[in-house]
Amino acid sequence: MDHPPTLLLLTGPPGTGKSTLADLAAEALHAPVLGWDWAMAALTEFDGVQDALREMSHVDHRRVGWSILWNLATAQLRRGSSVVLDGVARDIEVAGTRGVGRSAGASVVVVVTSCRDVTLHRERLVGRAREIPGWHELEWDHVGQLLGRWEPPADGELYLDATDPLPENAARLRERLAPPLA
């Protein structure tokens, strides 16, 4: 029996393992990973776009990146391919992602990552180099500010903590993504 494609959203603060888990999920689903930071980094060389983004509210600025990801995801889902989205999504972006999945007849899974150990969280960020062309590396001060206003999405299907061993988190994620038995 064929199953509908999966639209997987990995969200949580920076440094909580989203991208690592997104890559593992992409392998399991045979799907591309679409990252918010990567989409927004593609716009950095356009001064007019950057000027416009600076004039936007924080919510509208975030929505630009999510709109790009949602359009790209829709194209993949229409082909019957699963998609993994990687970014710091709040409830509004989770709702938008669920809408995209519903419109495409996809199964939507939201995974929320966190790191309950502040020392470990800081260590995960210090010296991290993602090397996204045109994008900045995040510093702890920026992440600390985000954590002060971060509210995890309320309706995730799976919550994973970076203090747990990666193989354990990966197994829980793979189990959640496994198609139901016929």
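When only DSSP loop residues count, what GluC sites (Glu not before Pro) in segment 139-182 have their Cβ near at most 14 other Cβ atoms within 10 Å? The qualifying sites are E139, E157. The C-alpha radius of gyration of segment 1-107, expressed as a fraction of 2.2 N^0.38 Å, stands at 1.09.
Applying both filters, DSSP loop and at most 14 other Cβ atoms within 10 Å, to the GluC sites (Glu not before Pro) of segment 27-109 gives E45.
Ratio of Rg to Rh for the chain: 0.96 [Cα atoms; Kirkwood radius as inverse mean 1/r over pairs]. Accessible surface for S103 stands near 110 Å², nearest 10, in the context of the full protein assembly shown (1.4 Å probe). Taken about its Cα centre, segment 35-182 carries a charge dipole of roughly 600 debye when the Cβ of each Lys and Arg holds +1 and the Cβ of each Asp and Glu holds -1. Entry note, the chain: the mean residue ellipticity at 222 nm calculated from DSSP H runs of n ≥ 4, each adding -39500 (n - 2.57), is -15500 deg cm²/dmol after division by the residues and rounding to the nearest 500. On the basis of the beta-carbon distance and an R0 of 25 Å, N71 and D117 show a calculated FRET efficiency of 0.10. Rounded to the nearest 20 debye, the dipole size of segment 13-75 about its Cα centre is 240 debye, using +1 on the Cβ of Lys and Arg and -1 on the Cβ of Asp and Glu. Using the Cβ-Cβ distance between A129 and H61 with R0 set to 22 Å, the FRET efficiency from 1/(1 + (r/R0)^6) comes to roughly 0.35. If you take the charge dipole of the chain about its Cα centre, with +1 on Lys and Arg Cβ and -1 on Asp and Glu Cβ, which of G156, H142, L24 is farthest toward its positive end? Going by the Cα projections, it comes out as G156.
Looking at segment 1-102, the trypsin sites (Lys or Arg not before Pro) that sit in a DSSP loop and have at most 14 other Cβ atoms within 10 Å of their own Cβ are R79. Annotation for R78 and L138: the two label points, set 7 Å from Cα along the Cα-Cβ direction, are 3.2 nm apart.
The values are calculated or read from the model by the stated rules, or taken from the named source; none is laboratory data. This structure is a prediction, so every number in the text was calculated from the model and none was measured. Heads up, the Cβs are rebuilt from the backbone with ideal geometry, glycines too, and the neighbour counts pull from every protein chain shown. When the accessible area is computed, the model is the full protein with side chains, heavy atoms only, and any ligands, DNA or RNA have been set aside. Shrake-Rupley method; radii C 1.70, N 1.55, O 1.52, S 1.80 Å.
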